[in-house]
Amino acid sequence: MAAIQVISTTTIPAPSHVNNGDSPELIELNPWDLRFLLLGYGQKGLLFNKPNKSSSFVIQHLKDSFSCSLDFFMPLAGRLAIIPHGDDDTSSVFIICNNAGASFVHAIAENTTVDDILEPTYVPQIVESFFPLGKSKNFEGTHIPLYAVQVTELVDGIFIALSVNHCLADAKSVWDLMNTWAKISQKGLNHSGSKSKVASFERWFPQTSFERPIRIPFRDIIANFGVEYANSLNPPAISKRIFHFKREKIDELKANANSMVEDGALINKISSLQAVMSHVWRCAIKNLHLDPEEEVGYDIPVTARSRISNPPIADNYFGNTMEFAVPTMKVRDLVGDEGHGKFALEMNKVISSYTEEKIKSNFEALMLNPTVRLQRGKFGKVMYVGGSHRSNFYAFDFGWGRPLGIRRGPAFMSNWTLLVDAGAEEESIDIELCISHEILELMGRDPEFMHAVSPPPPGLFKKPARGGL
């Protein structure tokens, strides 16, 4: 597989943006958004069979439908503004709605086939080149697009990828972006839907009175980031592998985990995803051979969308809504005979503790003392979790059929990362692990772990007859 060739890069403004001569609108970011300043863009890519139209027609069609979709997310055609305060060494961060434009990239991977992407055990490195903006960091949104897409033509397929500034979007927001673009592409350029579906970028804040805008020591943050970046210039070799869990195996894992902790009050308390994640974590830690007294755990995003009612978070809210829960357990307990159920229950308890009261209290603390997250993985101690199995990207159809595969870009991938997606089959779950190649090899040979893992569904690898737009 050779490298890709970029054919063109086009800057596309939101078509309905009106410049009336006034200063551009500023949208203040809240503490949930600011935590992502130093991290990479949110990225998602869909692999499709090649449509039954000429290349020039398909690219222009996707470019036109992408342009139309921007009217639903006009602030994404803007940039970040980091504005310093004159009275101290702090700054505040905003979206500046100046319609500077989103980016549309057309590329070709002339020697790469669909099978080259789907069949390898490990995600091939060329996939990283299918994503625009690469490993850009969110704070760079002052001078690079907040939103970019790339359409890469393969020998017998097409790969559609998006990158969106993670200070502006969580997993649901990314799903909404791709969903809107796909619907417009499938149903025609005149299909704009209801304007009530236009995304709301007005940031959620509690009704408690706080001094605004939020101030952060941005120069100090960047200085510390430089040190952290320098320390990570020689990262350990890592690989990416996707493990597929069918509904039947998920049901087995869930029943097994719940049977280990049932005491009348806890019957069926553990969810399907918690059972799968506990199974993955137990196997990974078992193959690391850590100190039995070591505390290990997950760093799990917990959405506030369904947990807050006063004021509620709107259904069309476009932004981050995440708290981070960190369930932990000693290695000896996790790898023990009932470790699967015990850790799944611990996840359940910690996540359930995020009530509206707790989320608001944490948010108010962040208002007074905003924090940012670092990219560097905490190898062997805590694994970062991202994604959601509730956002099904396999449902999307741009006009010539559903995706053959889902892949992620390089921006938010670091050592010791677990990413969750809905699988191609109903109620299935895909887990993408980004860890050392050695550990992935050991997991792949672990019969206890692989008993619950299924091969990807055969239909995923069959290239159907070319569809049309």
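The values are calculated or read from the model by the stated rules, or taken from the named source; none is laboratory data. Small disclaimer: the values here were computed from a predicted structure and weren't measured. Here Cβ is always computed from backbone atoms with ideal geometry, including for glycine, and neighbour counts include all displayed protein chains.
For the reader, a short list of remarks on this structure follows.
- Residue within the range 404-427 that is surrounded by fewer than 21 Cβ atoms within 10 Å (Cβ to Cβ), basic (Lys, Arg) and touching a helix residue (DSSP H, G or I) at 6+ places or on another chain (Cβ under 7 Å) present: no
- Qualifying positions in the range 35-65 - touching a helix residue (DSSP H, G or I) at 6+ places or on another chain (Cβ under 6 Å) and part of a helix (DSSP H, G or I): SER65
- Checking each residue in the range 330-357 for being touching a residue at least 12 places away in the same chain (Cβ under 8 Å), over 16 Å from MET277 (Cα atoms) and either among the charged types (D, E, K, R) or crowded, with 17+ Cβ neighbours inside 10 Å (or both) picks out LYS330, ARG332, TYR354, GLU356.
- In the set LEU233, LEU189, LEU266, LEU273, only one residue is at pLDDT 95 or above and out of contact with any Gly (no Cβ under 9 Å at 6 or more places or on another chain); that residue is LEU273.
- In the set (1) out of contact with any Gly (no Cβ under 9 Å at 6 or more places or on another chain); (2) surrounded by 19 or more Cβ atoms within 10 Å (Cβ to Cβ); (3) among the aliphatic types (A, V, I, L, M), ILE7 fails one condition alone, (2).
- Of all residues in the range 295-317, those satisfying the criterion of being assigned to a loop (DSSP other than H, G, I, E, B), touching a strand residue (DSSP E or B) at 6+ places or on another chain (Cβ under 7 Å) and either over 16 Å from SER388 (Cα atoms) or not assigned by TED's automatic domain parsing to the domain that holds SER259 (or both) are ALA314, ASN316.
- Failed condition for ILE95, given (1) on the phi < 0 side of the Ramachandran plot; (2) outside any helix (DSSP H, G or I); (3) in contact (Cβ under 8 Å) with a residue 60 or more places away in the chain; (4) in contact with a Ser or Thr (Cβ under 7 Å, 6 or more places away or on another chain): (4)
- Any hit, the range 291-306, residues being farther than 23 Å from THR371 by Cα, more than 22 Å from the chain's Cα centre (by Cα) and of a type in the set (Gly, Ala, Ser): no
- Residues that are assigned to a loop (DSSP other than H, G, I, E, B) and in contact (Cβ under 8 Å) with a residue 40 or more places away in the chain, drawn from the range 66-92: PHE73, GLY78, HIS85, ASP88, ASP89, THR90
- Residues of the range 430-460 that turn out to be within 15 Å of the chain's Cα centre (by Cα) and farther than 21 Å from HIS289 by Cβ, as a count: 3
- Among the residues of this structure, THR142 counts as one that is of a type outside the set (A, V, I, L, M, F, W, C), closer than 25 Å to ASP220 by Cα and loosely packed, with under 15 Cβ neighbours inside 10 Å.
- Scanning the range 164-173 turns up no residue that is over 14 Å from the mean Cα position of the chain (by Cα) and not in a loop (DSSP other than H, G, I, E, B).
- Among strands (runs of 3 or more DSSP E) entirely within the range 338-439, having at least 1 residues that are under 29 Å from PRO217 (Cα atoms) singles out 382-388, 417-422.
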